[in-house]
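**Q** Starting off with a structure, shown below.
The values are calculated or read from the model by the stated rules, or taken from the named source; none is laboratory data. Computed from a predicted structure; not experimentally measured. Don't worry about glycine lacking a Cβ; one is built from the backbone with ideal geometry, like all the others, and counts go over all protein chains shown. Just so you know, the surface numbers come from the protein's heavy atoms only, side chains and all, with ligands and any DNA or RNA stripped out. Shrake-Rupley method; radii C 1.70, N 1.55, O 1.52, S 1.80 Å.
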Amino acid sequence: MQQEIIPLFSKCIYVDFLSLNLQPFLKLFENEPMRCIKEKNDSYQSWSQSSKDIFVLERNELNILKKSIMNIFNNYAKNILKYEYNDFKMTTSWLTKTKYKQTSTIHRHRNSMFSGVLYLKTEPKKAKIMLHNFSNETSFKLKISKSNIYNSDTYTFNMSENVIMFFPSEVYHEIVPSEQKTERISLAFNFCPI
């Protein structure tokens, strides 16, 4: 028998490129009302901001952007995950703005099956999102020679403009403190089967 690696019960993270000029959409988001999500007793300066509107992609002027995102998501859900007999609905969508040194809490989305993020404005490879694996139930913490997808409890992606990512909503994730001098702008969304 030949050696085989089987990533059984793994979480499928999907990263793709959205071939669409995002500049017109950024113009629409310039004056978007934002709110700061802060932890108790923390300074608001350290946390990124999210839009007050959690249905931003329901706006008529963003219809082409929403359709483009749904097309890529359906490729992930139907062609990769093989949920061919199910349709999905985007349930929420919001804007996130992150300035220098700002971050988010480690969190997951309990109200959906899949989540995603599209990077609208960022310096190349500077928008960092870290995914966390809290399902490793072992009592042993071993020293490893090199991190990989089989042995990591965290994994950081360095994203760029027009890059889109989808992942199961139960995956814990966070915005890594921004090292960019310019504001990072992303669009996040959740999906449920219908």
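**Q** From the cross-link list 78/128; 52/125; 66/121, which pairs have alpha carbons spaced over 25 Å apart?
**A** In this structure, 78/128; 52/125 exceed 25 Å between Cα atoms.
**Q** Top to bottom by accessible area (1.4 Å), largest first, where do 1, 113, 159, 34 land?
**A** The ordering from most to least exposed comes out as 1, 113, 34, 159.
**Q** Further question on the same structure: For residue 46, what accessible surface area do you get with a 1.4 Å probe? Give it in Å², rounded to 10.
**A** 40 Å²
**Q** Let me ask something additional. If you average the C-alpha positions of segment 168-185 and of segment 97-143 separately, how far apart do those two centres end up, in angstrom?
**A** 6 Å
**Q** Return the long-range amide H neighbours of residue 160 (sequence gap of 5 or more, or a different chain), with a cut-off of under 5 Å between placed amide H atoms.
**A** 125
**Q** Now for a separate question. Which order do 176, 56 take when ranked by solvent-accessible area (1.4 Å probe, heavy atoms of all protein chains), largest first?
**A** Final ranking, largest accessible area leading: 176, 56.
**Q** How much length is gained on full extension from residue 153 to residue 5, taking 0.36 nm per residue of separation minus their Cα-Cα distance?
**A** Between residue 153 and residue 5, full extension yields an extra 51.4 nm.
**Q** Run the dipole for the chain about the Cα centre, Lys and Arg Cβ at +1, Asp and Glu Cβ at -1, nothing else charged, and hand back the magnitude in debye, nearest 20.
**A** 360 debye
**Q** Sticking with this one: Out of these labelled values of percent of Cα pairs over 29 Å apart, (1) 25; (2) 57; (3) 32, which was calculated from the coordinates shown here?
**A** Of the labelled values, this structure produces (1).
**Q** Need the list of aspartates and glutamates near residue 11 for cross-linking: C-alpha distance under 13 angstrom, and skip anything on the same chain fewer than eight residues off.
**A** By straight Cα distance, residue 11 reaches 153, 170.
**Q** Next question. At a probe radius of 1.4 Å, what is the per-residue accessible area of residue 53, in Å² to the nearest 10?
**A** Using a 1.4 Å probe on the heavy atoms, I get roughly 50 Å².
**Q** Looking at segment 101-171, which GluC sites (Glu not before Pro) are in a loop (DSSP not H, G, I, E or B) and have at most 14 other Cβ atoms within 10 Å?
**A** 137
**Q** Sticking with this structure for a sec: Residue by residue through segment 143-156, which ³J(HN,Hα) values in whole Hz follow from phi under the Karplus form 6.51 cos²θ - 1.76 cosθ + 1.60 (θ = phi - 60°), with glycine and proline marked x?
**A** 7, 10, 7, 7, 6, 8, 5, 8, 10, 8, 9, 9, 8, 10
**Q** So if each residue of separation counts as 0.36 nm, and I subtract the Cα-Cα distance between residue 19 and residue 71, what length gain in nm does that give?
**A** So the chain would gain 17.6 nm between residue 19 and residue 71.
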